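Values in this text are rule-based calculations from the coordinates and carry no lab data. Since we're looking at a predicted model, the values are computed, not measured. Every residue, glycine as well, gets a Cβ built from its backbone with ideal geometry; the counts of neighbours run over all protein chains shown.
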Amino acid sequence: MENFGELSESSAWAWEGFSDAGIDEFELDSGTNNGSNAATESAPMNLEPPPETEYYDTYQQLLVAVNNWALKQGYAITSKRTLKSKRGKGELYKIYLQCDRGGRQKDRSNGIRSCASRRIDCPFDAVAKKDADLWSLKIRDPEHNHPPFLSALAHPVHRKMDKETRNEVRNLSRQPIKPREITAYIRLNAPDQRLTRRDVYNERVRLRREQLGKYTPTQALLHEFQRRGITHTPLFETSPTVGEQNIDQRLCGLFFTFPWCEKMWASHPEVLLIDATYKTNRFRMPLVQFTGVSNLHTNFNIGFCFINSEDENAYVWTIQRLSDLISARGGQPPQVIVTDNEDGLKNACDTVFPDAQQILCTWHIDKNVLGRARKTWITNDSEEDGKTAQEFMGHWRNVARSKTLVEFRDNWAILEGQYAEQVELINYLKAEYLPLRHQWVDFWADQAMNYGTR
Ligand SMILES: [Zn+2]
């Protein structure tokens, strides 16, 4: 009954609007039922079958015509089985048609998605036949066991996109517009195009596949950067300096920035924040983000870099790209660099921008200290005095916000005194952060021009 394989595989059937994909976002019409209701079976619905008196040059024309008819009646016709002649090129000469609510109702116990309930054994049955080069229709059973649908959108056959709409979807898809918004736009502007978000989504996938063509995603990205004139520098495995656009080589680094980033940066060159995120992205590389600070204390992007390693050399290559950009426009190197406490990154900054003062990002410090506090926290009987890791963090922040040397010494003494039992934590702070106090305590860090960004 459900032999669609021959149809969907045949390229002749790659015809717009005739995919028999499942319903993805539309439930069946509320006016219908799942077929187990005896009332509908005993009271056949008055859905007129298409006329048998027409002739068509191609089966596509026939299918469009019968479905245009069915659409007005409130049902949809799909093909069930095709017959090809055994001689010659195996020409199609017969297509068995059914209502798209025909076919056996799938066993619900196997958890197949809800579109299964579309098939309720509707008896409607017809055949399209080619005779003397012309296609015609013969109705074998005109009856349906369901009322007309309320929305054609639940019936894939009736969802369609003409060439113009398809191009529109593609153009919109090249911009940062969500499928939902594209669907809404098309529905508003071309209401005769019955399509769902799923159709738009599928079209976008098709577009992306075409755009990629013979390229890998990385190669396609580089081409796209070139096409759009986006400043970028790739690093290839075999050429450690600058890629020679031999895109067959493995990409192991990619720096890029955008004109508006460069413009902002040219006006506000003093502070550079560097943040490396190790989370996986679709390129499965760490992403280093360079951020600047405006005179209004807002942040703006300077540039981005994917690197395939987190060692010092990779960071040097990355930061060197920024230095190149500065040289190219005759600008000033940063005076202050804010990083997290990672040796490779900090050393790389020292190498490329030796005159910049380095400051640690307090956000990262707080995160690390809190993590350590939670891990090493010692709970004891004196818990009633309210000593918790959270409360500890308040004292820790007081230390970091000390505005004078005296304040810093006092705040540290308070912390050390009140949390003396947290030996491991205090030792960690002493070893990791006290030696770097010039890079994170306000008293010293404020002396570096940091625009209060920490
Ligand atoms: Zn039917």
Worksheet item: Which whole-Hz couplings ³J(HN,Hα) result when phi for each residue of segment 416-432 is put into the Karplus expression 6.51 cos²θ - 1.76 cosθ + 1.60, θ = phi - 60°, listed in order with x for Gly and Pro?
Response: 5, x, 6, 10, 4, 6, 7, 4, 5, 5, 4, 5, 4, 5, 5, 7, 8
Response to the item:
Filtered hits (lysines, Cα-Cα < 23 Å from LYS387, offset >= 8 within chain) -> LYS367, LYS375, LYS430
Worksheet item: Residue by residue, what Karplus-based ³J(HN,Hα) values in Hz, rounded to whole numbers, does segment 151-167 have, using 6.51, -1.76 and 1.60 with θ = phi - 60° and x for Gly and Pro?
Response: 10, 5, 5, 7, 10, x, 4, 8, 7, 8, 9, 7, 4, 4, 5, 4, 5
Practice prompt. Subtract the Cα-Cα distance of ILE378 and ASP131 from 0.36 nm times their separation in residues, and report this length gain in nm to one decimal.
Written response: 80.0 nm
Worksheet item: Which of the residue pairs LYS94/LYS138; LYS84/LYS129; LYS80/LYS163; LYS346/LYS403; LYS80/LYS138; LYS130/LYS160 have a Cα-Cα distance greater than 21 Å in the structure shown?
Response: LYS80/LYS163; LYS346/LYS403; LYS130/LYS160
Fill in: Counted charge near LEU370, where neighbours are those whose Cβ lies closer than 12 Å (Asp, Glu -1; Lys, Arg +1)
+3
